[in-house]
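Heads up, the thing below is written out as structure tokens.
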Amino acid sequence: MSAQPTAAAPAPTAGLARRLWASPVLRKNLGAAAGLFAVFILFTILLAITRGLSFADPDNLETILRQTTIVALAALGATIVIVSGGIDLSVGAIIALCTVVIAALLRAGAPPALAALGGLAAGLACGALNGLLVTRLRVVPFIVTLGTMLLVRGVAKGLAHDQKIDAPQSWLNELLSRLPASRAWLLFPPGVWLLFLLAFAVGGLLVYTRLGRHVFAVGSNEQAARLCGIPVARVKLAVYILGGFFAGAAGLMQFSRLTVGDPTGANGLELNVIAAVVIGGGSLSGGEGSVAGALIGALIMQTLQSGCSQMGWPNWVQEIVTGAIIVAAVALDRFRHRSS
Amino acid sequence: MAEGVTTLAPRLEMRGVRKRFGATQALGGVDLSVSAGEVHALLGQNGAGKSTLMKVLSGAERPDAGEMKLDGAPYAPSDPQAARRAGVAMIYQELSLAPHLTVAENILLGVEPARGGPLGLLDRATMRDRAARALAELQHPGIRTSTVVGTLPIAAQQIVEIARAVAVGCRVLVLDEPTSSLARADAEAMFALVSRLRAQGHAIVYITHFIEEAKRLADRFTVLRDGQTVGGGPMATATVPEIVDLMVGRRVEQLYPRGARTRGEALLEVTDLAGAPKPTRASFTLHRGEVLGIAGLVGAGRTELLRALAGLDPVVAGRVKLGTVTGPTTPGARWAQGMALVSEDRKGEGLALGLSVADNLTLSKLPAIVRPRERRPLTERWIKRLGVRCQGPDQPIGELSGGNQQKIAIARLLHHGVDVLLLDEPTRGIDVASKAQIYDLIDGLVTREAPPKAVLMVSSYLPELLGVCDRIAVMCRGRLGPARPASEWTEAALVHEAALGSDSEAA
């Protein structure tokens, strides 16, 4: 995709186009957005030809959006972590723990809001644990979070006595479900709105706050950050706490979808989350990544999955396609980097 | 392969070797001739072309012109492996051992004896024997072949690396500053080893800054300056001042603007500062309105001194008084107290190359909420003031030239408003035009600012120190000599003191 410099458009439109074009957010994510567009068009055509289905149907779009929300929420936190040059492998386990905590609290008679807060707090606590281990023990994040992945998963299973926890019906179950006709004016279910809100918050945090710029600096060159007097350890601690919080938020949505506390759920989800960030231009060596990119990355993966299943392709085809897309997206990105 | 000493052709001969990197002529005609059973000292200041010459010898770089011969046969290695096969072994300052492997495994790395058969099983007994024999040949049988190399002290690691070269039968051994990281006693052992290797008929190129070492060890010497061979001959008849004159060569150019400087109050007082492991002792006072220079060889401990002052490395002993502040500190606290460092390593430490000009400029002093609308004009003002050539505040700084990157690195300190600037090799790797601008900038800091700043500057380029600084002190093996007015120094005196140390103790 490239700009059309030939267009002799009237001045105001051209000015706006130029400003949009100059906007770094748009330019940086152009490749990923084009990828999403391509995947979408591909399935629209395939489905229309082979099965006469409309992929671009608003209902279908809403479904994709709802299904993306869990991975996307966790990807917000993972974006921060990956921009800082770290990695968090414990995301799936934290999500499972959160569903267990929420279900247990509800079953114990807690009001739904309190149960939700409890789930978020569990996520925060896990993030703080990751952050403390990374900064205090100076063990690389990959190993620390590999450890806490097992540790948190174990805690979740222990809390739930190795089985699913049923929870009484509450409004938490409707956070991600299709809107009833009476509340169609909301356009999207509350969980999707929450995703939008938090995405703006994290985007703003990364670009417009001191903490955000420090996260980029630490990820881009930790030595330079230290030279500039940035409290590197405190920044990293904050990064993992935020990562835990967003895993908690994803856990809340996971609970809403499952309506039970499942200590074995969300297994391996962290890899989807990391893939979303990386497809969206995040660099595992740090210093690069954006919220918009991560959201697009999550959407690409969900669109692929939706498209494949609507095509009636078996699961193994989906997996092969998704794997290939991850590698292709990152290879393309590197290629673009080198040529510029 | 120590026989064949009777042949008349020198073991290694280089004639008219040239190498150009872009606009810089790194080697402009080097002649060097080394015979079997000879230790040949290669002398020259930092940047004289010694490391480029090594790269050419080792096959890492192809020369643009000139010829090289090994035992009379043309020698043109296509890569470092080819050079090794031809028998040219390099022992760099940065040792190239695998720290997790044993001594025997390292000595025979790449030439491991294997028993026959499809599995290629290692013949461990033969490995041990050959490694032990190589070490015994160097008269260091005390190093056990089963020891993991990473656990050995540096001096022993160096022996292992030399043993590796000897074990594969090298014809020319190039030693790059072999004693720079060694303590005195270990250095003596190294001298003895080099003498033994000579007696065994090896041809040895001994690269060093230390004229005293060269004088003691070498049979002949060659001096490089600005990429050219400017002199050489038998060591016995050369005097130290003669060699220093050859190394220094020319006079200071008029490249350095100098406004009227008036020394103000003391801003930074350092007393008997020691770090781990360097510096060992450093004392000086830095005043407002002056540029204090620190000369010395690479590895003397100058960078470590600046890092300790900036709070990046721990202070082991001694006292640092900045304004009214003393006691332990952190990099962040130092910025707040008004002192900060421009690193010699722009890529590794100085700048976050992936981030924008604006990010790098403001990193130390960001408001809680960053407003691009305020930050952009602010960055543009600094870009204009220092004449930085770039597309704008949002351009990744890695895309700028070295000189323009450096201007932003210095501007970061000015934007923060520090009083004391620690500049480590501020003109390393940048073009002449940017150098002149940076000299003018430094001069402006101590003359045109109100109140004037104080600058502590480390440099290996002596004309620059003499041209920019008010006073200069020399660091030698971790020890800082007394600071004397720049007018009392000559390049020869700086080279002499850097290589031999100060006669008098720090005042």
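Can we say B:G402 is among the small types (G, A, S) and in contact (Cβ under 8 Å) with a residue 60 or more places away in the chain? It would help to see each step written out before you state the result.
Values: among the small types (G, A, S): yes; in contact (Cβ under 8 Å) with a residue 60 or more places away in the chain: no.
It is false that B:G402 is among the small types (G, A, S) and in contact (Cβ under 8 Å) with a residue 60 or more places away in the chain.
Scanning region B:338-352 for residues that are more than 20 Å from the chain's Cα centre (by Cα) and more than 7 Å from chain A (Cβ to nearest Cβ) turns up B:G338, B:M339, B:A340.
Yes/no matrix, rows are residues, columns are (1) under 17 Å from B:L386 (Cβ atoms); (2) modelled with pLDDT under 90:
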| position | (1), (2) |
| --- | --- |
| B:T427 | yes, yes |
| B:I430 | yes, yes |
| B:K435 | yes, yes |
| B:V446 | yes, no |
| B:L465 | no, no |
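When A:F246, A:F196, A:F200 are checked against the criterion of being crowded, with 24+ Cβ neighbours inside 10 Å and either more than 7 Å from chain B (Cβ to nearest Cβ) or part of a helix (DSSP H, G or I) (or both), A:F246 stands alone in meeting it.
For A:V239, are the conditions met, namely being assigned to a helix (DSSP H, G or I), more than 17 Å from A:R66 (Cα to Cα) and within 14 Å of chain B (Cβ to nearest Cβ)? So A:V239 fails the test. Scanning region B:327-337 for residues that are at the interface with another protein chain (Cβ under 8 Å from one of its Cβ atoms), surrounded by fewer than 17 Cβ atoms within 10 Å (Cβ to Cβ) and within 17 Å of B:L273 (Cα to Cα) returns a single hit, B:T330.
Screening B:A60, B:A65, B:A48 for residues that are hydrophobic (A, V, I, L, M, F, W, C), in the same structural domain as B:L193 (by TED's automatic domain parsing) and either at pLDDT 90 or above or within 13 Å of B:V172 (Cα to Cα) (or both) leaves exactly one candidate, B:A65.
Report, by residue number, each residue of region B:395-432 that is within 15 Å of B:S459 (Cα to Cα), out of contact with any Pro (no Cβ under 9 Å at 6 or more places or on another chain) and either of a type outside the set (K, R) or crowded, with 21+ Cβ neighbours inside 10 Å (or both). Within region B:395-432, B:L421, B:L422, B:L423, B:D424, B:E425, B:P426, B:T427, B:G429, B:I430 meet the criteria.
If I ask for residues that are part of a loop (DSSP other than H, G, I, E, B) and surrounded by fewer than 19 Cβ atoms within 10 Å (Cβ to Cβ), which ones from region B:81-97 would you list? Full working, then the answer.
The first filter runs over region B:81-97 and keeps only residues part of a loop (DSSP other than H, G, I, E, B), leaving B:87, B:92-97.
B:Y92, B:Q93, B:E94, B:L95, B:S96, listed by residue number.
Which residues, counting only those in region A:104-120, are crowded, with 16+ Cβ neighbours inside 10 Å and farther than 18 Å from A:N267 by Cα?
A:A104, A:L105, A:L106, A:A110, A:P112, A:A115, A:A116, A:L117, A:G118, A:L120
Looking at region B:454-469, can you tell me whether even one residue there is polar (S, T, N, Q) and free of Cβ contacts under 8 Å to residues at least 60 places away in the same chain? No, every residue in region B:454-469 fails to be polar (S, T, N, Q) and free of Cβ contacts under 8 Å to residues at least 60 places away in the same chain.
Taking B:R477 as the residue in question, decide whether it is in contact with a helix residue (DSSP H, G or I) (Cβ under 7 Å, 6 or more places away or on another chain), surrounded by fewer than 23 Cβ atoms within 10 Å (Cβ to Cβ) and either more than 22 Å from B:T303 (Cα to Cα) or in contact (Cβ under 8 Å) with a residue 40 or more places away in the chain (or both). No, not satisfied. Of the residues in region B:311-319, at least one is outside any strand (DSSP E or B) and at the interface with chain A (Cβ under 9 Å from one of its Cβ atoms).
Restricting B:R371, B:R381 to those that are surrounded by fewer than 21 Cβ atoms within 10 Å (Cβ to Cβ) and at the interface with another protein chain (Cβ under 9 Å from one of its Cβ atoms) reduces the list to B:R371.
The values are calculated or read from the model by the stated rules, or taken from the named source; none is laboratory data. These numbers were taken from a predicted model, which means no experiment stands behind them. Cβ sites come from the backbone with ideal geometry, for glycine too, and all protein chains shown count toward neighbours.
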